[in-house]
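To start, the structure under review is shown below, and the notes come after it.
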Amino acid sequence: LLDRVRRRVGEKRFALGVQLLTGSRDPLTIAPALSRVAEAALRVLVDATVAEFERVHGTIQGGHLLVLGLGRLGGGALTHASDLDLVFLFTGDHAAESQGARPLGATLYFNRLGQRVIAALSVPTAEGALYEVDTRLRPSGAQGPLAVNLDSFARYQREAAWTWEHMALTRARVLYGPEQGRAELEEIIQAVLTAPRDPAKLREDVLHMRGEMARHKPAKGPLDIKLARGGLVDLEFITHYLQLREAKGLDQSLRGALAQLVAAGLVSPQLEEANRSLARFLIASRLLAPDAQEPPPAARAALAQACQCADWESLTANLLAARGTVAACWHDTFGETVEID
């Protein structure tokens, strides 16, 4: 099964890459397609992993695994280079025990099950690798347990989570689990995102985080429109800040969130076009200019075509204009000037 899934995903990703390189499909439709492929692979592999695990350790009454997608997977906009940001949770009592040949307590049970799922998604087989999995956004961070129950998750988000963790939750989407568990988790997330906040403290936290990111993760090259000022990270910070401050625009998709914030009069409609320009380039450049340096002429032409520009000069001008729009919105939102180099 691991080989079959890797082969099938590889075929789909290759086909989508060809469509991107030949300009036959808009990159903005490629990213959701890559996400749907990843979600399908995840469902198949989690089902198989759970079934195998239950044969040995049995089941836990009222206990079920939930998988939460964050980041670009949660937002339904993967690129060919994206990893999968996942959080593992479970329903039921953390002190319960499984009924099987080799019983386990619930916390150990679901932590081991989560590790098995990660291996199913990431271990290389004869058919190659599948996805890199990132679980650092789980409660308590990389040093905390891999899986916690819903009560612990809700308590952590309510009492201990940092602002950046709530920003990450704006893109959280439940990808796997029983209907009731999914509904409970979605209710917890909704309560966190709509909770009253101190606008001044929120602004301070967001600006501090962006400053730290700029210092420790600068742009990798002239074409890094994700990390460069006026790029996608700035756009995401604006969006997540307004989502949390106003409890509006709570759509996991950045495009959907921006559309709702524009409708609410919170950001300029120009920001939507800037996002489309920057997102198209990011998706295409992950194949054509992965090092964020200016690529050879053939790749420049393919990038321009993918981004719906006449030539490379038009593309670079378009990206600069988009970054200028984001920088202006940053100033309008935070009162800070962003330098575009």
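Return a yes/no flag: does the range 276-290 have any residue that is out of contact with any strand residue (DSSP E or B) (no Cβ under 8 Å at 6 or more places or on another chain), surrounded by fewer than 16 Cβ atoms within 10 Å (Cβ to Cβ) and under 19 Å from Arg72 (Cβ atoms).
yes
Has the range 157-174 got at least one residue that is over 17 Å from Gln243 (Cα atoms), open to solvent by less than 40 Å² (accessible area, probe 1.4 Å) and part of a helix (DSSP H, G or I)?
So far as the range 157-174 goes, no, none of its residues is over 17 Å from Gln243 (Cα atoms), open to solvent by less than 40 Å² (accessible area, probe 1.4 Å) and part of a helix (DSSP H, G or I).
Residue-by-condition table, conditions (1) under 20 Å from Glu236 (Cα atoms); (2) open to solvent by less than 30 Å² (accessible area, probe 1.4 Å); (3) modelled with pLDDT under 95:
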| residue | (1), (2), (3) |
| --- | --- |
| Ala41 | no, yes, no |
| Val44 | no, no, no |
| Ala48 | no, no, no |
| Glu54 | no, no, no |
| His57 | no, yes, no |
| Leu78 | yes, yes, no |
| Leu84 | yes, yes, no |
| Val87 | no, yes, no |
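Could you check Asp311 against (1) open to solvent by 80 Å² or more (accessible area, probe 1.4 Å); (2) of a type in the set (Asp, Glu); (3) free of Cβ contacts under 8 Å to residues at least 40 places away in the same chain and say which number it fails?
Here Asp311 clears every test but (1).
Determine which single condition Met209 fails, assuming it passes every other condition in (1) out of contact with any helix residue (DSSP H, G or I) (no Cβ under 8 Å at 6 or more places or on another chain); (2) open to solvent by less than 40 Å² (accessible area, probe 1.4 Å); (3) farther than 23 Å from Gly114 by Cα.
Answer for Met209: the failing condition is (1).
Which of the residues spanning the range 104-128 are exposed (fewer than 13 other Cβ atoms within 10 Å of the Cβ) and part of a loop (DSSP other than H, G, I, E, B)?
Correct list: Val123, Pro124, Ala126.
The values are calculated or read from the model by the stated rules, or taken from the named source; none is laboratory data. Since the model is a prediction, treat every value here as computed from it, not as a measurement. In this analysis, Cβ positions are derived from the backbone assuming ideal geometry, glycine residues included, and neighbour counts consider all displayed protein chains. Remember, those area values only see protein heavy atoms, side chains included, never the ligands or the DNA or RNA. Shrake-Rupley method; radii C 1.70, N 1.55, O 1.52, S 1.80 Å.
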